[in-house]
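Read the structure below first, then the notes.
The values are calculated or read from the model by the stated rules, or taken from the named source; none is laboratory data. Please read these numbers as outputs of a predicted model, since none were measured by experiment. Cβ coordinates were reconstructed from backbone atoms using ideal geometry, including for glycine residues, and neighbour counts include every protein chain displayed. For the accessible areas, the whole protein counts, side chains as well, though only heavy atoms, and no ligand, DNA or RNA atoms are used. Shrake-Rupley method; radii C 1.70, N 1.55, O 1.52, S 1.80 Å.
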Amino acid sequence: MTTVLGFETSCDETGVGIVRDGELLADALASSVDEHARFGGVVPEVAARAHVSSIVPTVERAVELAGERAGVRLADVDAVAVTAGPGLAGALLVGVAAAKAYAVALGVPLLGVHHLAAHVAVDTLEHGPLPQPVVALLVSGGHSSLLRVPDLAGAPVEPLGATVDDAAGEAFDKVARLLGLPFPGGPPIDREARSGQVSIAFPRGKAADGTLDFSFSGLKTAVARWVEARRRAGEPVPVADVAASFQEAVADVLTAKAVAACRADGINTLVIGGGVAANSRLRALAQQRCEAAGIRLRVPRPGLCTDNGAMVAALGYLQVEAGVTPSPLDLGADPALPLVRSAARS
Ligand code: KG4
Ligand code: ZN
């Protein structure tokens, strides 16, 4: 049996997960999201300090959960995996330092992993082994990327496209702010959109440019102009309709490009991950378009789409099984870790 303890601290979630033989035993989470709300975005220093105070209690909670579920104790852990990047430097450092401490104390290997690869790997906890290769659409507050993922054990991951400006989640957060909705903006926009009509034709940046890149800053500006015009005219802003129309524009571009990426490469499995993958319209439209194109869609449940420790433990487990060389104990946190391999070696 192989048991992996995973640490995720790249942004505002302190996540600790435990995976045994591909099965999720514990997924403990502490979030500093409330401390950032009044700033309308994650404040790096606040996030790093929150990780420092949450990390040990979150490990203890994860171990307690794994104990209740499967009688697993900390001493049963065979490897420690940690997000080495990309992310916020100070935040990453806390997780990397903690992971090293646990790896040394337990006398087990340390595995530094790539955050985006972990977002893909988490799907194996729900839907079993991934076919090779897959196309992954990763959309969160910090990233929007289309990737060709051959396997998760260390083979090169190929970037196919990415946002040229704002990340998809960032666009949700900024549009929510201008509609007077709380941070993070994805969930309240998703909720508002349910009672709204897709009645405003917002632009689809880069939709027809023939690339697999995205652009959301023009869309965000278009929403801001539209809302300002209503306010200047003294008319009420139909928040639900704006939310539904904005959300439709994002979901339309993301799913169209994801399907195009699969088609271009002749790949018939699409995995969607990252916080924005929790969006109900994105999930529904992706399902509809994948079905029409004969593509198998795999999206983890919303709780596993946002940042968590389970995803890191899941990727660590796959790497241990594949015999990936562990990271050295001087592993650094790399805020701009390139997505070349799912394992970070130095
Ligand atoms: O993956 P994640 O937890 O952290 C990052 O790595 O950024 O993603 C957080 C992002 C936020 O921008 C949040 O607004 C967005 O995911 N998000 C959503 C939804 N739930 C979270 N966006 C759209 N619809 C949702 N239901
Ligand atoms: Zn993420």
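Of the strands (runs of 3 or more DSSP E) contained entirely in the range 68-187, those carrying at least 1 residues that are over 26 Å from Val259 (Cβ atoms) and out of contact with any Leu (no Cβ under 6 Å at 6 or more places or on another chain) fall at 79-85, 110-114.
Filtering the range 262-274 to residues that are under 21 Å from Val122 (Cα atoms) and more than 16 Å from ligand 2 (Cβ to nearest atom) leaves Cys262, Ile267, Asn268, Thr269, Leu270. Of (1) more than 21 Å from Asp334 (Cβ to Cβ); (2) among the hydrophobic types (A, V, I, L, M, F, W, C); (3) within 14 Å of ligand 1 (Cβ to nearest atom); (4) not in a helix (DSSP H, G or I), Val19 satisfies all except one. Which? Looking at each condition in turn, Val19 falls short on (3). When only residues in the range 168-187 that are in contact with a Pro (Cβ under 7 Å, 6 or more places away or on another chain) and open to solvent by 10 Å² or more (accessible area, probe 1.4 Å) count, which is nearest to ligand 2 (Cβ to nearest atom)? Among them, the one singled out is Asp173. Can you tell me which of Thr221, Thr255, Thr211 is under 24 Å from Gly294 (Cα atoms), assigned to a helix (DSSP H, G or I) and either open to solvent by less than 20 Å² (accessible area, probe 1.4 Å) or more than 16 Å from ligand 2 (Cβ to nearest atom) (or both)? Of Thr221, Thr255, Thr211, the one residue that is under 24 Å from Gly294 (Cα atoms), assigned to a helix (DSSP H, G or I) and either open to solvent by less than 20 Å² (accessible area, probe 1.4 Å) or more than 16 Å from ligand 2 (Cβ to nearest atom) (or both) is Thr255.
Of all residues in the range 333-344, none are assigned to a loop (DSSP other than H, G, I, E, B), modelled with pLDDT of 95 or more, more than 15 Å from the chain's Cα centre (by Cα) and more than 16 Å from ligand 2 (Cβ to nearest atom).
Of the residues that make up the range 146-162, is at least one small (Gly, Ala, Ser) and crowded, with 23+ Cβ neighbours inside 10 Å? Looking through the range 146-162, none of the residues is small (Gly, Ala, Ser) and crowded, with 23+ Cβ neighbours inside 10 Å.
Just wondering, is there one or more residues in the range 142-160 that are farther than 30 Å from Val227 by Cα, among the charged types (D, E, K, R) and out of contact with any strand residue (DSSP E or B) (no Cβ under 6 Å at 6 or more places or on another chain)?
Taking every residue of the range 142-160 in turn, at least one turns out to be farther than 30 Å from Val227 by Cα, among the charged types (D, E, K, R) and out of contact with any strand residue (DSSP E or B) (no Cβ under 6 Å at 6 or more places or on another chain).
Of the residues making up the range 275-332, those that are buried (at least 18 other Cβ atoms within 10 Å of the Cβ), charged (D, E, K, R) and outside any loop (DSSP other than H, G, I, E, B) are Arg281, Arg283, Arg289, Arg298.
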